[in-house]
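Reading through the structure tokens given below for one structure.
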Amino acid sequence: AQTVTQSQPEMSVQEAETVTLSCTYDTSESDYYLFWYKQPPSRQMILVIRQEAYKQQNATENRFSVNFQKAAKSFSLKISDSQLGDAAMYFCAYAKGRGGSEKLVFGKGMKLTVNP
Amino acid sequence: DTGVSQDPRHKITKRGQNVTFRCDPISEHNRLYWYRQTLGQGPEFLTYFQNEAQLEKSRLLSDRFSAERPKGSFSTLEIQRTEQGDSAMYLCASSFTGNTIYFGEGSWLTVV
């Protein structure tokens, strides 16, 4: 079975600084997607960034980028120039297959606090 | 373009009662998913549909839980004879095959 592990339950960062959230996963599949979702206090899960396992290039979305290490099964999220609105729970998630729309397996999440 | 809509947003029920949640996916999304999330945990997969067919059902889903998507559009999740352990947020999500999964705002269930 696939598993996703987020070992840091909480982190804090100063506004405008950079923070890295870590995630490891376990799978025997060769085709899969990895995701970072953000869940602010309003509770709606919002996609931050996605990475296809077959792509070597790390995904980036504005201030968000990932460090995908396939051999190590590691998938970290870097948030640059942190903003107060980045404060939320962050979940790392995995989906097998090539499309990214198979069921998601989530980690336990990490609470990010952004200090002004 | 409306997002995934869930109703009701909050439900308080007495133990032993039945409850039903409704989810309206994003228009033309053929896949619809149900997840359950308890405080301090990540969402756990319950079941998902492609059109009206229920493709997978988690072992977490006891016989008291049933989900339907009769016409391949909206879906309902019914919990019979609710127990206190059913208290959680029930998340619905939708996607078009091969594309990003989008979540609704969730339906909070409190069983007293």
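The numbers here are math on the coordinates, done by the rules we state, and not lab data. Nothing here was measured: the structure is a model prediction, and the numbers come from that model. Glycine gets a Cβ as well: all are built from the backbone with ideal geometry, and neighbour counts include every protein chain shown.
Tabulated values for the structure
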read-out	value
Across A:55/A:78; A:108/B:57; A:111/B:11, pairs whose alpha-carbon gap is larger than 24 Å	A:111/B:11
Inter-site label distance for residue A:108 and residue A:26 at 7 Å from Cα along Cβ, in nm	1.5 nm
Alpha carbon centroid spacing (whole Å) that separates the stretch B:1-71 from the stretch A:72-100	24 Å
Two-decimal log10 I(q)/I(0) for chain B, as the Debye equation yields it once each C-alpha is a single scatterer, q = 0.13 Å⁻¹	-0.43
Furthest towards positive pole of dipole, B:43, B:87, B:32, structure part chain B, Cβ charges	B:87
Diffusion coefficient, µm² s⁻¹, Stokes-Einstein with Kirkwood Rh over alpha-carbon pairs of chain A at 25 °C and 0.890 mPa s	173 µm²/s
Cα pair distances in the protein assembly as shown, grouped into 10 Å bins until the bin that holds the longest one, percent each	8, 33, 35, 20, 5, 0
Two-site label geometry, residue B:62 and residue A:84: point separation in nm, points 7 Å out along Cα→Cβ	4.5 nm
Spatial separation of Cα centroids for the stretch A:12-66 and the stretch B:72-108, in angstrom	23 Å
Segment residue B:2-residue B:22, length gained on full extension (0.36 nm per residue, minus Cα span)	5.6 nm
³J(HN,Hα) computed for each position of the stretch B:70-83 - Karplus, 6.51 cos²θ - 1.76 cosθ + 1.60, integer Hz, glycine/proline x	x, 10, x, 10, 6, 9, 10, 10, 10, 10, 9, 6, 4, 10
Least to most buried among B:10, B:29 (fewest other Cβ within 10 Å first)	B:10, B:29
